[in-house]
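Below: the structure, in structure tokens.
The values are calculated or read from the model by the stated rules, or taken from the named source; none is laboratory data. Treat the numbers as computed from the prediction; the structure is a model and nothing was measured. No Cβ is skipped: glycine too gets one built from the backbone with ideal geometry, and neighbour counts run over all protein chains shown. Heads up: the accessible areas ignore ligands, DNA and RNA and are worked out on the full protein's heavy atoms, side chains in. Shrake-Rupley method; radii C 1.70, N 1.55, O 1.52, S 1.80 Å.
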Amino acid sequence: MSEMRPPAEAAHRPDTSAALRLPEVGAARADFGGYAFDAVAQAPEAPGLFIVTKRVGARLYPLYAGEGADMAGALAAFRSAVPQEAGLADGLFVLERALERVRVHTLRDIVGRYNPPLNVAHRTGWAAPETTALVRDRAEGLAGHGEQPGAAMDVSEDDLMRLVQDFYGKASADPLLGPVFARAIPDWESHYSIVQDFWSRTLLGTTRYSGIPFAAHVSLQLRPEHFVRWVALFRESAAAVLDPVAAARAVAKVEHMSSCFQAGLFPPDLSPAAAPHPAPHA
């Protein structure tokens, strides 16, 4: 695909990396929540904590934080459990700590501060959009993190298919979104099925869908205005097809996805050259 440059609108979005005080790419030592971690190529067979990171722009974002009496073994277990997501990591930091109670306390503190998308326990909120654009937030099904169990909602698989068909009917006829979908979707029936599976996982807790939605959108040459229109049309379809509880949860999910996708597609330029220059004195 052609290179996508951050639009002017990106400069006005909050800088997540600054709020989290994330280390810069190439750092040999990193401060994560007041704890000094060392960058390593491989985790040692020693007790301590480890953080796997992903480069986004000029910063390193935590994808997962773990601990164990054998960091090498704990890291190997993590990679075995989620090989696809773990394969996206391109950085590793460790902090040796012999006492288990200290490790557990430190891990709880770090996870609560950074909310890495591949952690579930000790989370306090959504993961940074810059990371959930790349990997599914494993805590999204927890209370307070978006998706809720479907038992409290009056929604069925048939409702979800109607939602998908209603939305894409609107989107395919839309002057802005229509050409994008016409280029990207050769088989509408197959696409309907895939998207229904996504919403079935989101609202009903099924496991048919296991993809990463962001990956399917990278090559579409999208702009911020596409996302504004996408959310607006989806909100109309959800209100028309779903019961109010399901509609609200579906719209919240789409709004969060829009933020995540845009963070991944249009990262802010954090290089010194991109910083605004002070106006000259009169």
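Observations on the model:
- Scanning the range 189-209 for residues that are among the basic types (K, R) and in contact with a helix residue (DSSP H, G or I) (Cβ under 6 Å, 6 or more places away or on another chain) returns a single hit, R208.
- L49 being of a type outside the set (F, W, Y), open to solvent by less than 10 Å² (accessible area, probe 1.4 Å), farther than 27 Å from I212 by Cα and at pLDDT 90 or above: yes
- Taken over the range 202-250, residues that are open to solvent by less than 20 Å² (accessible area, probe 1.4 Å) and over 16 Å from Q262 (Cα atoms) amount to 10.
- Candidate set from the range 152-165 (those that are open to solvent by less than 50 Å² (accessible area, probe 1.4 Å) and part of a helix (DSSP H, G or I)); member that is farthest from F227 (Cα to Cα): D159
- Selection within the range 68-82 - open to solvent by less than 50 Å² (accessible area, probe 1.4 Å), in contact with a helix residue (DSSP H, G or I) (Cβ under 9 Å, 6 or more places away or on another chain) and outside any helix (DSSP H, G or I): G68
- Top-ranked residue in the range 32-45 [being modelled with pLDDT of 90 or more and assigned to a loop (DSSP other than H, G, I, E, B); ranked as surrounded by the most Cβ atoms within 10 Å (Cβ to Cβ)]: A43
- Selection count, the range 107-117, where residues are in contact (Cβ under 8 Å) with a residue 60 or more places away in the chain and touching a strand residue (DSSP E or B) at 6+ places or on another chain (Cβ under 6 Å): 3
- Qualifying positions in the range 1-31 - surrounded by 16 or more Cβ atoms within 10 Å (Cβ to Cβ), out of contact with any Lys or Arg (no Cβ under 8 Å at 6 or more places or on another chain) and at pLDDT 70 or above: A27, A30
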